[in-house]
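Read the structure below first, then the notes.
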Amino acid sequence: MSFLLSVENVSSLYGLTPVLRHVSMHVDAGEVVAVVGANGAGKSTLLRTLTGLVHPTEGEITFDGVRVTGMEAHRIVSHGIALVPEGGRLFMFMTVLENLELGAFNPASRQHVRQGLDQVMELFPILRERRAQLAGSLSGGERQMCAIARALMSRPRMLMLDEPSLGLSPVMLEKVFDLIRTVVASRDVTVLLIEQNVADALEMANRAYIIEGGRIAKTGPGAELLRDPDIQRAYMGL
């Protein structure tokens, strides 16, 4: 079977320390897949490996049938992957509009900047209101929306989100997760969600992987894992 993203037996280091150990997983087109686990479990190293910021020591990664193992990050982006990094990483002394325009940096998206802006501002109306404001003046939730919108400006096939719940209030977290669902439904974008907030991530995900100590400990439909007594006990305090 051909998957949009396929990860086979991948291991990676953080510096000189082994972190990922023989990780295998896949994401099919149109899915929301979550990778959840405790702090230090290897989630961020996995995301950095998938986006080319860390090169694996072994294993294979393919995206849409193309081998991207060890490929430079900017080349991986050109194949249709966009990353929303932890905390959003906006350019705080640039306006919302300038941040969004930077998202359309690759040749395929550069010629559709105006259309892209119209689309993301329709999805995130608050950004139209804030377009002339400095990104540093936005609230935490607004920054996360702007970061997601900036990633969508590159017209990705897959959106990778690193801890989108970080620093958000429960109300704003629910709003951001609702917007992610809207993006999937309206833009035909596949989502890989790296998240420490296990309950909310499993509730949203079609499928999920539980990562512990750099290894995949469990996998299954999000709703099924949400009811798993071991996961409830380990991650939800139930």
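The table that follows gives values for the structure above.
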| item | result |
| --- | --- |
| Any hit, segment 24-35, residues being without any contact (Cβ under 8 Å) to a residue 40 or more places away in the chain and over 26 Å from I216 (Cα atoms) | no |
| Helices (runs of 4 or more DSSP H) within segment 139-238 that include 1 or more residues assigned by TED's automatic domain parsing to the domain that holds A38 and more than 21 Å from L97 (Cα to Cα) | 170-187, 198-204, 222-226, 229-235 |
| Segment 84-95 residues that are at negative phi, paired with ones that are in a loop (DSSP other than H, G, I, E, B) (beta carbon under 8 Å, 6 or more apart) | V84/P164; E86/E163; E86/L166; L90/L138; T95/R131; T95/A132; T95/Q133 |
| Test: residue in segment 101-119 that is of a type in the set (V, I, T) and more than 17 Å from the chain's Cα centre (by Cα) | yes |
| Tally of residues being surrounded by fewer than 20 Cβ atoms within 10 Å (Cβ to Cβ) and over 18 Å from L168 (Cβ atoms) across segment 81-91 | 1 |
| Residue satisfying all of: in segment 89-115; within 23 Å of G30 (Cα to Cα) and not polar (S, T, N, Q); modelled with the highest pLDDT among these | G103 |
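The values are calculated or read from the model by the stated rules, or taken from the named source; none is laboratory data. Every value quoted in this text rests on a predicted model; they were computed, and no experiment measured them. A quick note on method: Cβ atoms are made from the backbone with ideal geometry, for glycine too, and the neighbour counts reach across all protein chains shown.
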